């Protein structure tokens with residue numbers, strides 16, 4: 001149980017285009033989803049916290065107009081990188097926390113974004 | 001702000017040697033979690049500790065939660081090449097929804 005999928009796993013896009021990444025909890029309802037960014041050999045950098053049916057809470061320094069997050073249902077959250085630039089190239093990982101009150105997070109497999 | 005610190009940053013061991021990573025929080029935690037991320041992979045939840053002084057074992061892995069609930073450790077006995085990866089500890093944000101992750105300890109195991 002507690003499987004989280006993420007799509008796509010890899011994407012290459014041109015500078016100026018937008019990319020949407022989907023995160024789904026497959027076998028549980030996720031009241032809270034998180035979006036992280038990870039640079040090579042570094043820790044997880046939390047970008048935003050997403051609660052179903054409400055606006056995402058962004059971390060300081062993360063542009064909400066550039067990284068659009070929509071948590072449309074208890075099993076789906078999307079991250080759209082708008083007007084992508086090469087510096088947005090990174091590994092983006094989502095995670096989901098269930099409604100049981102437990103704190104453990106289940107991570108998706110990640111999306112490697114390359115902006116050319 | 002609230003911080004979770006982990007040491008060492010990385011460690012190289014010979015296969016069969018033991019390994020320990022330490023986690024310290026700037027605040028008292030209601031619980032602590034440990035995750036493992038293999039190279040090229042994503043973090044995978046290993047365990048959650050809740051009680052003061054709690055010790056849990058998973059095969060060769062031993063997890064401890066300090067009496068003051070501000071520190072934790074992960075000990076691997078007789079490392080194997082399959083233990084390679086980055087180990088993260090994490091704790092809940094006091095009064096918030098977030099989880100604060102440590103910087104991780106990268107484990108390299110030489111066969």
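The values are calculated or read from the model by the stated rules, or taken from the named source; none is laboratory data. These figures come from a predicted structure and were not determined experimentally. Reconstructed Cβ throughout: ideal geometry from the backbone, glycine too, with neighbour counts over all protein chains shown.
Some observations on this one:
- For segment A:27-54, the tally of residues that are under 25 Å from residue B:86 (Cβ atoms) and over 14 Å from the mean Cα position of the chain (by Cα) stands at 5.
- Residue check for residue A:37: within 10 Å of chain B (Cβ to nearest Cβ) and in contact (Cβ under 8 Å) with a residue 24 or more places away in the chain: no
- The one condition from (1) more than 12 Å from chain A (Cβ to nearest Cβ); (2) closer than 18 Å to residue A:42 by Cα that residue B:52 does not meet is (2).
- Every residue from segment A:1-34 that is under 24 Å from residue B:100 (Cβ atoms), within 12 Å of chain B (Cβ to nearest Cβ) and in a strand (DSSP E or B): A:4, A:6, A:23, A:31, A:32, A:33, A:34
- At least 2 residues being in contact with a strand residue (DSSP E or B) (Cβ under 7 Å, 6 or more places away or on another chain) and within 11 Å of chain A (Cβ to nearest Cβ) is the threshold, and among the strands (runs of 3 or more DSSP E) wholly inside segment B:63-104 those reaching it are B:85-92, B:99-101.
- Among the numbered conditions (1) outside any loop (DSSP other than H, G, I, E, B); (2) in contact (Cβ under 8 Å) with a residue 12 or more places away in the chain; (3) more than 14 Å from every other protein chain (Cβ to nearest Cβ), the only one that residue B:33 does not meet is (3).
- Looking only at residues of segment B:63-97 that are modelled with pLDDT under 95 and over 18 Å from residue B:46 (Cα atoms), we find that the one that is surrounded by the most Cβ atoms within 10 Å (Cβ to Cβ) is B:93.
- Inside segment A:57-69, residues that are within 11 Å of chain B (Cβ to nearest Cβ) and either in contact (Cβ under 8 Å) with a residue 40 or more places away in the chain or over 19 Å from residue B:88 (Cβ atoms) (or both) make up a count of 2.
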